[in-house]
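The values are calculated or read from the model by the stated rules, or taken from the named source; none is laboratory data. Fair warning: this is a prediction, and the values are worked out from it, not measured in the lab. Here the Cβ positions follow ideal geometry from the backbone for every residue, glycine too, while neighbour counts run over all protein chains shown. Side chains are part of the model used for accessible areas, which takes the heavy atoms of the whole protein and leaves out ligands, DNA and RNA. Shrake-Rupley method; radii C 1.70, N 1.55, O 1.52, S 1.80 Å.
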Amino acid sequence: GLDLGAHAAAGRYTVVASNDATGCLDTMSNSIDVVIDPKPTAYSVSVTGGGSYCMGGAGQHIKLSGSNTGITYDLLDNTGAIAGSMPGTGTTLDFNAYTTAGTYTILATDMSMATRCTNNMTGNAIISVLPLPDAYPVTGGGSFCAGGSGVPVKMNGSHIGVKYQLYQNGTTAIGSPLNGTGSVLNFGLQSSAGNYTIVATSQVTHCSNDMSGSATVSVNPLPAIYYVTGGGTYCTGGSGVHIGLSGSDLGQRYQLYKGSAPVGSAVPGSGTAIGFGLVTGAGSYSVRALDNATPCTS
C-alpha cells in the first residue's frame, strides 16, 4: 500500500493516478471521508475544591463546575493515575473527599465516539496535609485527702506556638490554655476528682491533637467525726476517769492526745463506741482518727 500521510482538514478525499510517461490520468476507486470530532467542553475554571486539612482528617472535596452527559470525567493525581471517575450529568460533579497530598486534574473523554476524544478540564485542585502538634505524655495526678490543696497535673514537654488546654473528663475545660514553652508545662494543683487530658492546638495551622495518656485525680474521704466522751474530776490518789469515743469505724485507728502529745497506743475502730481506759493526768484531751488505707486523718 501507499501511505499518503496524515490529513487534518475535514472533507472527502480521492486519489488520482498520473502516468509520468504518457501523462494519462485515472481516478482510484472509493474515497475517504475525514471527520473532526469535537473535544469535550472545557469549562471555565472547571476544577474546584482542594485545600489544606489537618492530618487524620476527612480530606478535601474535589469538584467539577459543569459536565455533559455522554462524557466520562477521570480525576488524575500527580502521577497521572486515575483517582476517581464519574459520568457527566449535565451539572456539577463532586468527586468526594481526597486525603493524599498533591495536584489533581480532570480529563474528559467523549464515550459516544469511536475516536474517544479527550480534553483536559481547566484548572486544578491542590490538596495539602497539615501536621498535628506533637503528642507529649500527660503526667501527675494521684490521690489526696478531702480538704487538701489537690495534686499537680503536668505535661513533660511542649512547643512554642502551640496552646495546651486542660480538660476534666474529656469535656470540661479547666482554666485558660497555656502557651507552649519548649519544656515541661505545669497546669497547677487540681482538687476535683476526675480524669484529666490535654489538647494541643497549633496557633499557625489551627490543627489540634490529643496529648498521650491522662492523669487521674481522686479524693480520699476523711475519717468520720465522733464525739469524745468522759473526762471529769477525781480525788487525788484515785484511779482517774474514763475517756472514750461515741463511735468508731472499722479500718480506722484512734489515737488519744493530751495537748500535742500522744497518750498510749492507738485503739482500732470496732464499728461502735470505744474507750481509752482510765486517765489520771490532768489536762485537755482530744482524739485523732487515722485511716489505715490512706494518709487521711480527722
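A few remarks follow.
- Nitroxide proxy distance, nm - points 7 Å out along Cα→Cβ at Asn195 and Ala293: 2.1 nm
- Exposure ranking of Arg288, Arg12 by accessible area [1.4 Å probe, largest first]: Arg12, Arg288
- Hull-based mean projected area of the range 163-296, where the convex hull spans the alpha carbons, in square nanometres: 12.2 nm²
- Largest accessible area first, the listed residues Cys145, Cys296, Cys24 line up as Cys24, Cys145, Cys296 when surface is computed with a 1.4 Å probe on the assembled protein chains.
- Sequence-separation-based contact order of the range 184-245, relative, with Cα cut under 8 Å and 6+ spacing, percent: 25 percent
- Fraction of accessible area attributable to carbon and sulfur, the chain (%, probe 1.4 Å): 55 percent
- Here's the picture: charge each Lys and Arg Cβ at +1 and each Asp and Glu Cβ at -1 in the chain, and of Ala97, Tyr227, Cys207 the one pushed furthest to the positive end of that dipole is Tyr227.
- What the Cα convex hull of the chain gives, in volume per residue, is 238 Å³.
- Our estimate of slack between Thr91 and Val16, defined as 0.36 nm per intervening residue step minus the Cα-Cα distance, is 22.0 nm.
- The mean accessible area for residues of the range 47-132, using a 1.4 Å probe and ignoring ligands and nucleic acids, is 49 Å² per residue.
- Rounded D (µm²/s) - the range 105-169, Kirkwood Rh over Cα pairs, Stokes-Einstein at 20 °C, 1.002 mPa s: 117 µm²/s
- Normalised by residue count, the range 97-245 yields a Cα convex hull volume of 194 Å³ per residue.
- GNM flexibility winner over the chain from Val267, Val15, Val199 (Cα, springs under 10 Å): Val15
- The value for the range 251-298 of Rg(Cα) / (2.2 N^0.38 Å) is 1.16.
- Where only C-alpha atoms are counted, convex hull volume of the range 176-216 per residue in Å³: 94 Å³
- Overall size of the range 50-157 from C-alpha positions, given as principal axis extents largest first: 84, 25, 18 Å.
- Top positive-direction residue, dipole computed over the chain with Cβ charges, set Ser265, Thr139, Gly66: Ser265
- Accessible area per residue, Å², the range 210-252 with all protein chains present, probe 1.4 Å: 61 Å²
- Peptides 156-167, 235-246, 219-230 ranked from most to least packed by the mean count of surrounding Cβ atoms within 10 Å: 156-167, 219-230, 235-246.
- Using a 4.7 Å Cβ-Cβ cutoff, the cysteines of the chain lacking any partner cysteine are Cys24, Cys117, Cys235.
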